[in-house]
Amino acid sequence: MDSPVLSAEIAMRRIGLTFAFTVPLLVMSFLTAIADELPVPAQPVDPPAKVVKAKLGKAKAKAGAQPVFAANDADALKQANLSADDAKSLIDYLKSRTLNDIDQTKIEDVIKKFGADDFDERVKATEEVVKFGTAAIGPLKAAERDSDPEVAYRARLTLKHMEKVPHSQVSSAAVRALVKLKPKEAAAVLIGFLPMADSDEVADDIRTALVALAVLDGKPDPAIVAALEDKNVTRRLAAYVALTEGGNPAERIRIKEAFPLVKAAVRKEADTDAKFRALFSLMLTTREGEFVPDLIEMIPKLPRGRIWQIEEFLLQYAGAGKPDVRFGKDDQLTKAKDAWAAWWAKTGSKQDLVKFAFKPRITGYTDIVEYDQRGYGMYRVVTLGPDLKEKAKVGGTGVNQLQYPTDAKKLANGNYIISEMNASRLTERDSTGKIIKTTNVAAPLCLEVLPDGGLIVICRNQIIQYDKDGKQLWTHQRQQYDIMTGCRMPGGDIVFVTNTFQGGNCFRISAKEIEKDGNKSWEVKAVGKPVALGRVQQYQSIDATADDKILVCEFNRVAEYEIKDDKVKEVWKYESNNPTSCQRLPNGNTLVTLINNGNGGKVLEIEPNGDVVWEYESKDGLRAARAYRR
């Protein structure tokens, strides 16, 4: 007997075109009505080889019920009938969600068929993937971000009817519990499960756990050592890092027995990104200069995101003595490599790398807010990793849809905080877009996450500061709804810019906590007089380049101003059409978003002379509206 999905889609195909156009709303209502009634197909008699069925206790959720976000690890584990002090049940849970290499290839092939041209093949693949049980959860979550909308839709549909507990939370909670319990099998189980991790955040938790578990009975864990030669690059990279990092900084080489094995494995690594990440970890952890020439040699082969990382290290290490060369366009990278190689041989190798205090400001990740100007309401936040591949995609249409997002920042817990102006709210979301927390605030525009976990919010008619627990500390109100943007200066003051056409349109305020008669309160006041910048008419994100300099998007250009003693001086500009965000990068370049450029808007990295060294254009009919590199 056909499933409800198959029956419904066959019915749709058999309806005549005339009838279909006459009653499209009835058809859509029918599909919507049956969607929530879809049963989860039963496990087959012969499951895929070596796939262990999940033991999640008694079923507590009805068909179609969605997993409930847990407040803490204990609650997450409880939803899966697990306990933080039962190592065996935790290991069994992760094993049940782990596929061997053969079955991992099988499930990837099945999911690819979600986007097949043949309708029956798509439906069959949707039902076939369920046979893998909870081991399918991770691959399906990855497929939710697929560029093919049909693949993403079917992944979401399947997850909706399979995932009855918050598996991402359960996985991370199980990983953290195993680190505390330290059963001998823990490292082997975690490194086996790693390629099936539900999200980048879960994978990060596993990699962190492997660092903590790398030493077993005074020796390198054999499962991690074995992973140095694993066929899967994700496992190899995790092993490189686990056997390198996490030791006493004074010793530098954490596991002397494993060090030569790691070096040999890394130097023959074929994957460019994995090799860079391993060499970068070895160099920063061991402070052995032998790895620097290897990193410099890789520069022309690296994706731009990795170049940003090695560039920042070299610039900080060289200081004023850096070679006169920039990491410019792709055809200039060989020149940059040669210049830095010569500098290292002559000067850099003689400097004390051990005593050098590297303070990275760039991780290589770029968050991009995208707008749908077609009127479909398909707003989105996309994160590009240092390899320039999509790592997260929040938004789209349907459940948890974004409502005109104006800014997005990554929180310390791995979630995003997003300002949604049309909904007058801030939403904290995980990397799949699920809403974790909502804070109501009128017309938010820009966000700044503070070092202590607090938050500055620039709104159309007010500026607000929250503490790390979401408590409002102070607010600065304006009668007019004329604020277009704002940012926090390095010294702590707030600058905001309005769309005022006459007089000053750039204002500065300070907010300080004071104590009087034993009572603490906040004092918010103006600093200096408003100053006049160029014409600002679009919502945007701006940047402070120093405590007396700001970078702002004007009508037809990006301009940098120095503001001292209520006087304004233009110090840099980039002519462009309707820029909507700007950020000065540690390398001196500027990241600019041009929403009206090309077919999808563009994010550009611009050198001081105006040359473009990197660009990104949005896809799927969307346009890049904001960009922030972190």
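The values are calculated or read from the model by the stated rules, or taken from the named source; none is laboratory data. Since we're looking at a predicted model, the values are computed, not measured. Quick reminder, even Gly has a Cβ in these numbers, built from the backbone with ideal geometry, and neighbours come from all protein chains shown. We work out accessible area using only protein heavy atoms, side chains counted, and drop any ligands, DNA or RNA first. Shrake-Rupley method; radii C 1.70, N 1.55, O 1.52, S 1.80 Å.
Odds and ends about this structure:
- Karplus (6.51, -1.76, 1.60) ³J(HN,Hα), θ = phi - 60°, over the range 243-248, in Hz, Gly and Pro reported as x: 7, 10, 8, x, x, 5
- Relative contact order, percent, the range 422-487 [alpha-carbon distance under 8 Å, six or more residues apart]: 23 percent
- The relative contact order of the chain, computed from alpha carbon pairs under 8 Å that lie at least 6 residues apart in sequence, is 7 percent.
- R0 of 56 Å, Cβ-Cβ distance ASP547-LYS124: FRET efficiency to nearest 0.05: 0.35
- Too-long pairs where the Cα-Cα distance tops 19 Å, listed order kept, from LYS355/LYS410; LYS219/LYS275; LYS409/LYS434: LYS355/LYS410; LYS219/LYS275
- By average C-beta atoms within 10 angstrom, highest first, the peptides 322-335, 378-391: 378-391, 322-335
- Length gained on full extension, LYS219 to ASP452: 80.1 nm, using 0.36 nm per residue less the C-alpha separation.
- Here the contact order of the range 261-352, divided by its residue count and restricted to Cα pairs under 8 Å and six or more residues apart, works out to 24 percent.
- Links that overshoot a 29 Å alpha carbon limit, given the list LYS88/LYS131; LYS78/LYS131; LYS88/LYS437; LYS160/LYS389; LYS180/LYS468: LYS88/LYS437
- Taking θ as phi - 60° and the Karplus parameters 6.51, -1.76 and 1.60, the scalar couplings of the range 471-482 work out to 7, 6, 8, 7, 9, 10, 9, 10, 5, 8, 8, 10 Hz in sequence order, x denoting glycine and proline.
- The mean of 1/r over all pairs of different alpha-carbon atoms in the range 330-429, once inverted, gives a Kirkwood hydrodynamic radius of 16.9 Å.
- Within the accessible area of the range 185-259 (1.4 Å probe), percent carbon and sulfur: 52 percent
- Amide H contacts for LEU473 (H built 1.01 Å from N in the peptide plane; partners 5 or more residues away or on another chain; cut-off under 5 Å): GLN465, TYR466, ASP467.
- Label-point gap, in nm, between ASN440 and SER147 - each point 7 angstrom along Cα→Cβ: 4.2 nm
- Cα pair count fraction exceeding 21 Å, expressed as % - the range 478-630: 47 percent
- Whole-Hz Karplus values for the range 214-221 come out as 5, 10, 10, 6, x, 10, x, 4 Hz, taken residue by residue from phi with 6.51 cos²θ - 1.76 cosθ + 1.60 and θ = phi - 60°; glycine and proline positions read x.
- Gain on full stretching of the segment that runs from ALA226 to PHE356 - 0.36 nm per residue minus C-alpha separation: 43.5 nm
- Of the labelled figures [x] 213; [y] 227; [z] 200, only one reflects volume of the Cα convex hull per residue in Å³ as derived from the coordinates, namely [z].
- Debye intensity ratio in log₁₀ form over the Cα atoms of the range 59-171, taken at each q of 0.10, 0.12, 0.13, 0.17 Å⁻¹: -0.32, -0.45, -0.53, -0.85
- Nearest-20 debye value, the chain charge dipole, Cβ charges on Lys, Arg, Asp, Glu: 660 debye
- For the range 514-623, the solvent-accessible area works out to 47 Å² per residue, with a probe of 1.4 Å and every protein chain left in place.
- Label point 7 Å beyond Cα of THR272 along Cβ direction - residues of the range 309-332 with amide nitrogen under 13 Å: 330-331
- As a calculated quantity, the FRET efficiency between THR334 and ASP611 at R0 = 22 Å, using C-beta atoms, amounts to about 0.85.
- Placed amide H near THR432: partners under 5 Å, 5+ positions off or other chain: none
- Sum of side-chain charges, ARG277 neighbourhood, beta-carbon under 10 Å (Lys, Arg +1; Asp, Glu -1): -2
- The local environment of ARG267, defined by Cβ-Cβ distances under 9 Å, has a net charge of +1 under the rule Lys, Arg +1 and Asp, Glu -1.
- Highest to lowest packing among 528-534, 129-135, scored as the average C-beta count within 10 Å: 129-135, 528-534
- Amide H contacts of LEU450 (H built 1.01 Å from N, under 5 Å, at least 5 apart or other chain): LEU455, ILE456
- FRET efficiency for the pair ALA71 and ALA342, taken as 1/(1 + (r/R0)^6) with r the Cβ-Cβ distance and R0 = 51 Å, rounds to 0.35.
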